[in-house]
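What follows is a single structure, written as structure tokens, with notes after it.
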Amino acid sequence: MKAGLYARVSTHDQQTLKLQMKAMRAYVRRRKWSATVEIKDVGSGASERVQRDEIMKAARRRDIDVVLVWRLDRWGRSLPDLIASLQELGELGVSFISLTEALDLTTPSGRAMAGLLAVFAEFERDILRERVKAGIAHARKEGRPHGRPNTAQQKAAEVRKLHRQGLNKSEIARRLGIGRTSVRRILG
């Protein structure tokens, strides 16, 4: 099997990068696989993981059969992100192994664990959705505005003036830096 190794550390904790790579290389040797792609990613957890995209591209090209990581939190930015990436790998026929959590999607029990993670990710999304709805309802109840500010309406007089001068709706939108739909709504 061809393995893609992915190690990531935050910008202020770079000492474990060598440790992660050493453990993953040893695992690959024990399984008699070959490490065809090795990615070392350094960055904060909130930022985009550009290097992770490289290993996903390798999976899409079928350059690798399995992705190996030190820990799940090294791979996913959030539970939904983790689930989405694991689902994509599964659809590509690429397995996933996390060394420290003993999560091995090459085995039936590992795939069952991934299914449980998917259930929890959906639960987390549902809870977040309910919190957002409750927050919006609370803001409206207190009379606070919600949503995007009505900036195009502030230019209504200018829209009408330009329209009377014979400009078309697209030109009005370009000149005032607002959307054509907003122009149509104001003139309608």
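The values are calculated or read from the model by the stated rules, or taken from the named source; none is laboratory data. Note that the structure is predicted; figures quoted are calculated from it, not measured. Positions of Cβ are backbone-derived with ideal geometry, glycine not excepted, and every protein chain shown enters the neighbour counts.
Each row is one residue, and each column tells you yes or no for (1) in contact with a helix residue (DSSP H, G or I) (Cβ under 8 Å, 6 or more places away or on another chain); (2) outside the structural domain of Arg52 (by TED's automatic domain parsing); (3) under 15 Å from Val69 (Cα atoms).
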position	(1), (2), (3)
Pro80	yes, no, no
Ala84	no, no, no
Glu88	yes, no, no
Leu92	yes, no, no
Ala112	no, yes, no
Val119	no, yes, no
Ile127	no, yes, no
Arg131	no, yes, no
His138	no, yes, no
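For segment 17-70, which positions are in a loop (DSSP other than H, G, I, E, B), under 18 Å from the mean Cα position of the chain (by Cα), of a type outside the set (Ser, Thr, Tyr) and over 15 Å from Glu88 (Cβ atoms)? Let's see the steps before the verdict.
Going residue by residue through segment 17-70, those that are in a loop (DSSP other than H, G, I, E, B) are 31-33, 43-49, 61-65, 70.
Filter again for under 18 Å from the mean Cα position of the chain (by Cα), leaving 43-49.
Now restrict to residues that are of a type outside the set (Ser, Thr, Tyr): 43, 45-46, 48-49.
Residues satisfying the conditions are Gly43, Gly45, Ala46, Glu48.
Residues that are over 31 Å from the mean Cα position of the chain (by Cα): find the helices (runs of 4 or more DSSP H) completely inside segment 77-188 holding 2 or more of those.
In segment 77-188, 156-164, 169-176, 180-187 are the helices (runs of 4 or more DSSP H) which contain 2 or more residues that are over 31 Å from the mean Cα position of the chain (by Cα).
Within segment 96-127, take every residue that is touching a residue at least 40 places away in the same chain (Cβ under 8 Å) and under 20 Å from Met24 (Cβ atoms) and give me the one that is surrounded by the fewest Cβ atoms within 10 Å (Cβ to Cβ).
Ranking the qualifying residues of segment 96-127, first place goes to Thr106.
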